[in-house]
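The values are calculated or read from the model by the stated rules, or taken from the named source; none is laboratory data. As the structure is a prediction and not an experimental result, all values here were calculated from the model. Using ideal geometry, Cβ is built from the backbone for each residue, glycine included, and neighbour counts are taken over all protein chains shown. Calculation scope for accessible area: heavy atoms of the full protein, side chains included, ligands and nucleic acids excluded. Shrake-Rupley method; radii C 1.70, N 1.55, O 1.52, S 1.80 Å.
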Amino acid sequence: MTMTAHNILEKLESVLTPFEAAAYLPLIEKINRLKKEKNAVILVHNYQTPEIYHGIADFTGDSLGLSRQAANLDCERIVFCGVHFMAETAKLLNPSTKVLIPDLDAGCSLSESITVEDVRALKAEHPGVPVVCYVNTTAAIKAESDICCTSGNAARIVKSLGVDRVIFIPDEYLGKNVARETGVKAITHPGRCMVHEQFTVEDIKNYREEFPGIEVVAHPECSPAVVQAADYAGSTAGMVDHIARSGAHHIMLVTECSMSDNVRSLFPQKDFRVPCILCPHMKKITLEKVLKSLEEDVYEIVLPKETADKARLAVERMLALS
Ligand code: 13P
Ligand code: SF4
């Protein structure tokens with residue numbers, strides 16, 4: 001076994017059974033060989049399963065971090081292990097590189113919650129009010145927006161506009177959380193993350209009772225009541241940074257379930273408590289599909305030029321400010 005394979009196995013065994021870890025290894029090694037031959041870089045979101053996160057990633061991170069990586073890559077192919085809007089954002093920022101997603105059905109309840117007509121109607125109702133779109137949107141929605149944001153920079157982006165009102169789409173909860181943090185009024189759309197909308201204040205109360213001193217770390221796609229009941233809210237990368245700084249032993253993670261497997265291996269001395277809810281879209285990506293993606297060059301992200309050019313402006317404005 002090579003040194004790299006040994007290291008991968010060690011990481012996998014920190015979150016999977018030795019049997020599961022060993023079963024994944026041949027496929028992981030095959031993918032890692034093929035990605036070199038094909039001059040491909042594999043970007044992996046924090047919600048991917050441990051065998052993808054630890055086994056085949058060249059870069060892991062949150063939406064903002066992965067967008068930045070995508071913009072700077074010099075390779076022939078990017079394989080995006082995440083959801084469709086993330087792969088689209090990578091394509092916007094690196095248009096000359098082939099961007100592949102292993103399953104075209106890896107969508108997102110937020111990005112599917114809004115249409116171009118919805119955005120146009122909001123703009124007509126609130127003329128002159130800037131449109132801030134969450135990165136969890138299609139390129140067509142970004143093309144209708146003034147500026148993009150992620151959960152890692154939403155408050156900073158909204159404040160930077162120097163206005164008292166924004167149209168914030170499509171995540172109603174993130175919009176309300178950002179409005180509370182910045183004091184800027186957010187006109188929202190009723191989009192929700194199908195994972196984060198399920199967490200409740202009651203869940204937090206129960207964990208606090210069971211584990212005194214537990215630190216509650218939540219994603220800002222949760223409801224404002226849940227975010228207020230938490231000790232910290234931030235992007236998936238922000239959560240990792242916060243846990244690294246925290247002195248608490250018990251940590252409650254109020255976010256997608258695979259994230260806890262991935263951070264558990266980074267902080268083996270901490271005790272993670274998780275009401276486990278999986279994102280069915282993120283879970284569409286598997287090692288088998290990544291292998292097929294590399295072998296057959298599927299599924300390529302292709303965007304109409306006019307849409308891509310407009311959408312890129314919104315994303316580049318964000319990157320210039322963050
Ligand atoms: P992050 O940008 O915080 O990684 O979040 C992406 C996402 O889809 C959360 O549900
Ligand atoms: Fe979309 Fe929620 Fe899944 Fe993130 S966790 S990709 S916001 S459905």
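Tabulated values for the structure
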| item | result |
| --- | --- |
| ALA143 being touching a residue at least 24 places away in the same chain (Cβ under 8 Å), within 13 Å of ligand 1 (Cβ to nearest atom), buried (at least 23 other Cβ atoms within 10 Å of the Cβ) and among the aliphatic types (A, V, I, L, M) | no |
| The stretch 281-303, residues that are in a helix (DSSP H, G or I) and within 16 Å of ligand 1 (Cβ to nearest atom) | MET282, LYS283, LYS284 |
| Yes/no for ASP261 being charged (D, E, K, R), within 23 Å of LEU64 (Cα to Cα), assigned to a helix (DSSP H, G or I) and touching a residue at least 40 places away in the same chain (Cβ under 8 Å) | yes |
| Residues (within 14 Å of ligand 2 (Cβ to nearest atom) and of a type in the set (A, V, I, L, M, F, W, C)) located in the stretch 151-202 | ALA154, ILE169, LEU174, CYS193, MET194, VAL195, PHE199 |
| Checklist (1) over 19 Å from CYS257 (Cβ atoms); (2) within 16 Å of ligand 1 (Cβ to nearest atom); (3) polar (S, T, N, Q); (4) open to solvent by 10 Å² or more (accessible area, probe 1.4 Å) applied to THR150, failing item | (4) |
| LYS159 being basic (Lys, Arg), touching a helix residue (DSSP H, G or I) at 6+ places or on another chain (Cβ under 6 Å) and either closer than 20 Å to ALA218 by Cα or free of Cβ contacts under 8 Å to residues at least 60 places away in the same chain (or both) | yes |
| Among (1) away from ligand 1 (no atom under 16 Å from the Cβ); (2) surrounded by fewer than 20 Cβ atoms within 10 Å (Cβ to Cβ) - the single one GLY65 does not satisfy | (1) |
| Unmet criterion (only one of (1) open to solvent by less than 50 Å² (accessible area, probe 1.4 Å); (2) within 19 Å of VAL44 (Cβ to Cβ); (3) within 14 Å of ligand 1 (Cβ to nearest atom); (4) not basic (Lys, Arg)) for VAL254 | (2) |
| Test result for ASP58, more than 16 Å from ligand 2 (Cβ to nearest atom), of a type in the set (Asp, Glu) and closer than 30 Å to ALA233 by Cβ | yes |
| Inter-residue pairs, beta-carbon under 6 Å, first within 19 Å of ASP118 (Cβ to Cβ) and of a type outside the set (Val, Ile, Thr) and in the stretch 171-192, second part of a loop (DSSP other than H, G, I, E, B) and open to solvent by 40 Å² or more (accessible area, probe 1.4 Å), 6+ apart | GLU172/PRO190 |
| Filter result for the condition that a residue is at pLDDT below 95, surrounded by fewer than 21 Cβ atoms within 10 Å (Cβ to Cβ) and touching a helix residue (DSSP H, G or I) at 6+ places or on another chain (Cβ under 9 Å), over LEU266, LEU313, LEU278, LEU287 | LEU266 |
